[in-house]
Amino acid sequence: MHIYFRINRVIRSIYDVTVVGSGNWGSVAAKLIASNTLKLSSFHDEVRMWVFEETLPSGEKLTEVINKTNENVKYLPGIKLGKNVVADPDLENAVRDATMLVFVTPHQFMEGICKRLVGKIRSDAEAISLIKGMEVKRDGPRMISSLISEHLGINCCVLMGANIANEIALEQFSEATVGYRKNKEIADKWVKLFHTSYFMVSCVQDVEGVELCGTLKNVMKALSKLLFPSVKDTTFFESCGVADLITTCCKYNQCIYVLNGTNYSPIITNKQACRSLVGGRNRRCAEAFAKNGGKRSFDELETEMLQGQKLQGVSTAKEVHEVLSHRGWLEQFPLFSTVHEICCGRLPPNAIVVYSEQTPDQSRGGSRI
């Protein structure tokens, strides 16, 4: 639905929002948005959320339970989404009237979703991707925002940042960055849609920089600028950059240090802020993988630990490795090559802390340790 009011000769539009995805992060995004659409006169109250239909152990459909209890009992149990969130198992129906589309699904499913939506969305729709990942082809990577724009013919911003979905759901302080290309007015609308007293959102004119920060993290600056020279240095100091790396990859009871002259001084201590540094799903599964000496595969750990969520780090490592190998950049990123080799089971977890200046073995696609 797209309603127009003529007030003093000015046409004012009311935007309809659909969230494409209903996992842990998708449900949290719907909660954030729903709390704001009730307050903002420029948005329709109802927030539609596309749900990949599943049958719960009780025999009930997940969509029906969400609409009945106002809770995603599988992916975000114990958190009320907002009474204005409506779960819809029909993708085409969910997006039909939307003028603002929020994409938040595992990145490996996005091309299939986009192909299903060709010709099914409004021509004036705007999109934003909350997806950390990229599509990799032999000739190089394609960012998810570009995939969306190319398939659907619409503008696509991105939102990435120093946040963990469960902490946002509990309304603990978090932040994020919206990356946009040209239209700051649209970026400001996305900021208003997501920003709350506990979720601080800002925007920068650098889609690729923001998206690559969220996707690559520990190799983000060097590789990001190799892939996209237009990426701005300042983007790495936004929430989507170094702050995201600290938040999602650190473990509780660690301390963060900053170089002060010739000495390192602590800037975050256990008592101050480490309660938020429990890390995301990638860090938790990586810890379990290491504790088991690499004898249990990531697929097995994903099934056991994530309850239906997808582990993004391993697939991202594989995809980035393909780019590095294809472009002859493996020697420039020995750490990343080693991570990939560990994920594939060709090296033990402790190889990450062993370094050798030997030339990477290109035939194996990794580093000699």
On average, how much accessible surface per residue is there in segment 2-243, in Å², for a 1.4 Å probe, leaving out ligands, DNA and RNA?
42 Å²
Using heavy-atom solvent-accessible surface (probe 1.4 Å) with all chains present, what is the largest-first order of Ser224, Ser202?
Ser202, Ser224
May I ask you to list the residues of segment 36-55 whose amide nitrogen lies under 16 Å from a point 7 Å from Cα along the Cα→beta-carbon direction of Val73?
53-55
So, counting K/R as plus one and D/E as minus one, what does the shell of residues with Cβ under 9 Å around Val314 add up to?
-1
Can you give the local net charge around Leu56? Use residues other than it whose beta-carbon is closer than 15 angstrom to its beta-carbon, Lys and Arg +1, Asp and Glu -1.
-2
Where the only charges are on Cβ atoms (+1 Lys, Arg; -1 Asp, Glu), what is the dipole of segment 60-106 about its Cα centre, to the nearest 20 debye?
220 debye
May I ask you to give the percent of accessible area on segment 283-364 that is carbon plus sulfur, with a probe radius of 1.4 Å?
50 percent
Whole-Hz Karplus couplings 3J(HN,Hα) for segment 144-149, θ = phi - 60° and coefficients 6.51, -1.76, 1.60, Gly and Pro as x, run 4, 4, 5, 4, 4, 5
With each pseudo-label sitting 7 Å past Cα toward Cβ, what's the Arg284-Glu300 distance in nm, one decimal?
2.0 nm
Those GluC sites (Glu not before Pro) from segment 80-174 that are DSSP loop and have at most 15 other Cβ neighbours within 10 Å turn out to be Glu171
Rounded to the nearest 20 debye, what is the charge dipole size of segment 2-243 about its Cα centre when +1 sits on each Lys and Arg Cβ and -1 on each Asp and Glu Cβ?
440 debye
Please report the spacing between the Cα centers of segment 18-90 and segment 157-215 in Å, no decimals.
20 Å
Which of the listed residues, Tyr180, Ser197, Ser35, is farthest toward the dipole's positive end in segment 2-243, when Lys, Arg count +1 and Asp, Glu count -1 at the beta-carbon?
Tyr180
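Would you kindly state how much longer the chain becomes between Glu54 and Phe173 on full extension, computed as 0.36 nm times their sequence separation minus their alpha carbon distance, in nm to one decimal? Can you show the working numbers first?
Values: separation 119, 0.36 × 119 = 42.84 nm, distance 3.17 nm.
Stretched out fully, the Glu54 to Phe173 stretch lengthens by 39.7 nm.
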Pop out the ³J(HN,Hα) list for segment 209-214 in order, Karplus 6.51 cos²θ - 1.76 cosθ + 1.60 with θ = phi - 60°, rounded to Hz; leave Gly and Pro as x.
x, 5, 5, 5, 4, x
Pop the C-beta distance of Lys39 and Gln309 into the FRET formula with R0 = 25 Å and round what comes out to the nearest 0.05.
0.25
Answer in debye to the nearest 20: the dipole magnitude of segment 283-364 about its Cα centre, from +1 Lys/Arg and -1 Asp/Glu charges placed on Cβ, is 180 debye
With all protein chains present, how much of the accessible area of segment 102-168 (probe radius 1.4 Å) comes from carbon and sulfur, to the nearest whole percent?
48 percent
Any aspartates and glutamates with Cα under 20 Å of the Lys189 Cα? List them, leaving off those in the same chain fewer than 8 positions away.
Asp16, Asp45, Glu46, Asp97, Asp124, Glu126, Glu175, Asp206, Glu208, Glu211, Glu238
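Rolling a 1.4 Å sphere over the protein heavy atoms, what is the accessible area per residue of segment 283-364, to the nearest Å²?
Heavy-atom accessible area per residue stands at 56 Å².
The values are calculated or read from the model by the stated rules, or taken from the named source; none is laboratory data. Remember, it's a predicted structure, so these values are computed and weren't measured experimentally. Positions of Cβ are backbone-derived with ideal geometry, glycine not excepted, and every protein chain shown enters the neighbour counts. Accessible surface is based on the protein model in full, side chains and every heavy atom, while ligands, DNA and RNA are left aside. Shrake-Rupley method; radii C 1.70, N 1.55, O 1.52, S 1.80 Å.
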